[in-house]
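Colleague: Just dropping this structure here.
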Amino acid sequence: MHRLLLLLCLVWAGFVTAQEARPLADDPVLEAKVMRIAEELRCLVCQNETIAASHADLAVDLRKQIRQQLQQGRSEQQILDFMVQRYGDFVLYRPPLKSSTWMLWAGPFALLAVALAVLGINIRRRRTASAGPLRADEAERVRRLLGEERS
C-alpha cells in the first residue's frame, strides 16, 4: 500500500513539474536561420553560452527578436549590427579585433607569459639556493641526527 502511494506521489510530482514542450516553428527554414544567428551571439546572463544554447529568459527573448527581424526582411548582418549597437561587442561570441577588444584577444596570452616568467624565476631561485655544500655546523648536525660518531 505504501509503495503504491509513493508511486502515485512520484507520478503526480512529475505532472506538476513537467513543462510544456516548445512548439516547432511553422517555418523550419526560418528557425534554422534564427539558430544560425543565435550561435553567433553570447548570452548576456550565462556569458559562457550562446543564446542558441541558453535557456535564460533573456536568451529566449533575443531569439524571438531575431525571428521577428528575419520576418521583417532584415539580413543576418543587419541583425548582428543591431545587437552590437544595443549591447556592445561583448554580445558577439567572437568579437572582432579592434582597439576596444584587444584585451579580450591578448589577455590570455599575456597572463600565460607572466605565469611562465614567474615559474622560470622560481625554478632559478630553487636551483641556486640548494646548490651550495653544507657548512661545518650543518654537517655535524647531520651526523648527530644520523647517529654517526666522528672518527
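The values are calculated or read from the model by the stated rules, or taken from the named source; none is laboratory data. Not measured: the values here are computed from a predicted model. A quick note on method: Cβ atoms are made from the backbone with ideal geometry, for glycine too, and the neighbour counts reach across all protein chains shown. Each accessible area value is taken on the protein alone, full model and side chains, heavy atoms only, with ligands, DNA and RNA left out. Shrake-Rupley method; radii C 1.70, N 1.55, O 1.52, S 1.80 Å.
Yes or no, residue by residue, for (1) surrounded by 10 or more Cβ atoms within 10 Å (Cβ to Cβ); (2) at pLDDT 90 or above:
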site: Cys9; (1), (2): yes, no
site: Trp12; (1), (2): yes, no
site: Phe15; (1), (2): no, no
site: Asp26; (1), (2): no, no
site: Leu41; (1), (2): yes, yes
site: Leu44; (1), (2): yes, no
site: Ile51; (1), (2): yes, yes
site: Gln71; (1), (2): yes, yes
site: Glu76; (1), (2): yes, yes
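Colleague: For the range 125-142, give me each residue that is at pLDDT 85 or above and open to solvent by 80 Å² or more (accessible area, probe 1.4 Å).
Modeller: Arg125, Ala136, Asp137, Arg141, listed by residue number.
Colleague: Scan (1) open to solvent by less than 90 Å² (accessible area, probe 1.4 Å); (2) under 30 Å from Asn48 (Cα atoms) for the single condition Asn122 breaks and write down its number.
Modeller: Here Asn122 meets the rest and fails (2).
Colleague: Restricting to the range 83-119, count the residues that are part of a helix (DSSP H, G or I), modelled with pLDDT under 95 and either among the charged types (D, E, K, R) or open to solvent by less than 60 Å² (accessible area, probe 1.4 Å) (or both).
Modeller: 8
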